[in-house]
1. Can you list the HN-Hα couplings for region 32-41, worked out from phi with the Karplus curve (6.51, -1.76, 1.60; θ = phi - 60°), rounded to whole Hz and with x for Gly and Pro?
2. Could you derive backbone 3J(HN,Hα) for region 96-113 from the dihedral phi with the Karplus parameters 6.51, -1.76 and 1.60 (θ = phi - 60°), listing whole Hz in sequence and x where the residue is Gly or Pro?
3. Within the chain, how many Lys pairs that are eight or more residues apart, or on different chains, come under 21 Å at the alpha-carbon?
4. On C-alpha positions alone, give me the angle between the axis of helix 2-13 and the longest principal axis of the chain, in degrees, nearest 10.
5. What Kirkwood Rh does the chain have if only Cα atoms enter the pairwise 1/r average? Answer in Å.
6. Any idea how far apart residue 80 and residue 24 come out in nm if each label point goes 7 Å out from Cα toward Cβ?
7. Kindly provide the helix-only [θ] at 222 nm of the chain, computed as the sum of -39,500 (n - 2.57) over DSSP H runs of four or more divided by all residues, to the nearest 500 deg cm²/dmol?
8. Give the average over all directions of the projected area of the C-alpha convex hull of region 28-76, one decimal, in nm².
Amino acid sequence: MKFIIGLFLSFAACSGLCEGLQITDAWSRATVEGRMGAVYATIENTSGNPIQIQGIKTDVAKVAEVHESYLDGSMMRMRHIEDFMIPAGEVRKLEPGGLHIMLMRLPEPLVEGAKFQVEFDLDEGGNITVPVIVGAMGQMSKPE
Ligand SMILES: [Cu+2]
């Protein structure tokens, strides 16, 4: 029985990719001309080592970086997290009001219903490309 469970777990960890980092449920919101966008997702490190995201690339924005929203008194502010690290076995949720991938200098606004891709470069040399779906403006969770 132990053997069967072990087998199942190793399959689950490798569905889609075996890099050790699983990025799922990525979504974004429609934007207005000249404004920034954001990508939200669930990032899980299924490996036994910490993994750092070193760079993020996408065709829809000239700059993409990890940000964290935080409350400064009553003001919502954001800071850039330069070395975004996911400890071994941990999950980081990127969601409105918290961690997010900021998309800056968008040549074109993001349109509801569109799809695009984001590429994550990892410190161990690999990279992961993730599909992102664009929801409505003001959407608070992944579009159906
Ligand atoms: Cu931001």
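Just so you know, all these numbers are worked out from the coordinates, no wet-lab data involved. Please read all numbers here as calculations on a predicted model, not as lab measurements. For neighbour counting, all protein chains shown are included, and Cβ atoms are generated from backbone atoms with ideal geometry for every residue, glycine included.
1. Residue by residue, region 32-41 yields 9, 2, x, 9, 7, x, 9, 10, 10, 5 Hz.
2. For region 96-113, the Karplus curve yields x, x, x, 5, 7, 9, 7, 9, 10, 6, 7, x, 9, x, 7, 10, 3, x Hz.
3. Lysine pair count for the chain: 7.
4. 30 degrees
5. 16.1 Å
6. Each label point is offset 7 Å from its Cα along the Cβ direction, giving 3.2 nm.
7. Computed ellipticity for the chain at 222 nm equals -2500 deg cm²/dmol.
8. 5.6 nm²
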